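Report on the following structure.
Where a number appears in this text, it was derived from the coordinates with a stated rule and is not lab data. Given the structure is predicted, the values throughout are model-derived calculations rather than measurements. Note that each Cβ is placed from the backbone with ideal geometry, even for glycine, and that neighbours are counted across all protein chains shown.
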Ligand code: NAD
Ligand code: UDP
């Protein structure tokens with residue numbers, strides 16, 4: 001099976017490519033390097049012994065995509081490419097809708113032209129907005145998004161469903177990720193955000209390694225056990241395995257397939273901080289700050305559907321996540337940048 005991975009040099013894409021290659025799937029990568037480093041390709045090769053075919057280019061260029069599809073017969077596309085910073089999306093809505101929505105439409109047009117009708121889309125728990133109840137199931141209401149990033153994910157989900165309504169031969173899989181963290185156990189690959197990290201885990205790791213002074217904990221007055229926000233953190237390798245399960249179980253089947261990818265367990269900011277301190281062997285400095293606008297109190301997934309229909313379940317715990325994140329950050333203090 002030949003699978004095209006858009007955004008395959010990014011954080012989740014690169015870990016998924018490793019697991020795909022290890023599973024014997026021929027992996028072809030497209031990336032415009034807007035948020036990734038070509039060094040990732042070397043790391044994938046070091047881990048797997050195979051260097052996947054890489055096409056540098058932008059999914060918004062139909063001519064570029066046509067040329068890739070004309071060179072290799074692809075069976076399925078996993079579509080990671082896009083912009084993902086919530087705060088930045090508020091400041092740059094045009095760029096976000098252009099990359100995430102327009103980029104997907106161009107990709108779908110090129111796929112249709114080449115007769116390829118199987119796509120797995122990287123969606124997000126953010127499409128659920130502020131959930132009325134937890135755990136969140138796949139049939140919980142969606143669309144009440146609070147920023148252009150979340151809205152762009154929801155819009156793509158709708159576009160894909162309308163496409164399926166127009167042509168039932170498509171196989172559309174929406175994977176709604178909860179909070180991906182962690183790194184490959186080799187220490188060779190991990191999350192390497194450009195600039196100041198927006199997300200909790202990369203911020204903690206950069207404080208722990210001395211690149212930043214202290215973590216700001218956004219709010220300790222939420223209606224949660226310790227007052228800090230609760231999220232469903234999932235190890236990126238479990239997430240990667242979830243994509244392999246989706247490729248195997250549903251990507252060849254026509255219709256709409258929607259799954260939460262999470263662990264079903266909630267962890268608070270202070271619990272994550274304490275687990276991380278345990279892994280790195282020293283306390284991580286922090287201060288309590290006001291809530292971050294737009295944040296919700298708590299969110300975790302119901303995992304029943306993925307377990308039943310994908311035959312997949314996350315197996316790594318918070319200690320695995322913090323240990324692997326720390327190994328990656330401490331062995332690569334500047335990420336993929338060569339100093
Ligand atoms: P990432 O930024 O590390 O990876 C995205 C990759 O896509 C990057 O390598 C970037 O260079 C590439 N890219 C961006 N725009 C492109 C374009 N127009 N053409 C070609 N390549 C392009 O992000 P990630 O954390 O690996 O996330 C992957 C996907 O999963 C994204 O769609 C993101 O929205 C979604 N997602 C991420 C999270 C998370 O917390 N990381 C949570 C839910 C959903
Ligand atoms: N958070 C924090 N400090 C940070 C970044 C995040 O306290 O520097 C908190 C945030 O308020 C939320 C949790 O950590 O409760 C997870 O935030 P993240 O941005 O990683 O994920 P999301 O909010 O998108 O689920």
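Report note on the peptides 113-119, 201-207: ranked by the mean count of other C-beta atoms within 10 Å, highest first, their order is 201-207, 113-119. Counting other Cβ atoms within 10 Å as a rough exposure proxy, the listed residues 282, 235, 15 run 282, 235, 15 from fewest neighbours to most.
Where does helix 148-166 land angle-wise versus the long Cα axis of the chain, in degrees 0 to 90, nearest 10? The angle comes out near 30 degrees. To the nearest ten degrees, helix 11-22 and the longest principal axis of the Cα atoms of the chain are 60 degrees apart. Sorting 34-47, 214-227 by their mean Cβ neighbour count within 10 Å, with the most densely packed peptide first, gives 34-47, 214-227.
GNM on the chain, alpha-carbon springs under 10 angstrom: the most fluctuating residue among 150, 13, 195 is 195. Note on residue 274 and residue 90: their simple-model spin labels are 3.0 nm apart, each label 7 Å out from Cα toward Cβ. Give me the angle, in degrees from 0 to 90, between the Cα long axis of helix 318-331 and the longest principal axis of the Cα atoms of the chain, rounded to the nearest 10. In the chain, helix 318-331 runs at an angle near 90 degrees to the longest axis. Its relative contact order, with pairs defined as Cα atoms under 8 Å and 6+ residues apart, puts region 123-277 at 29 percent. On the basis of the beta-carbon distance and an R0 of 25 Å, residue 211 and residue 287 show a calculated FRET efficiency of 0.90. Antiparallel beta bridges, as assigned by DSSP with both residues in the chain, represent about 5 percent of the total such bridges.
Note on the chain: Rg/Rh from C-alpha atoms, Kirkwood Rh, equals 0.94.
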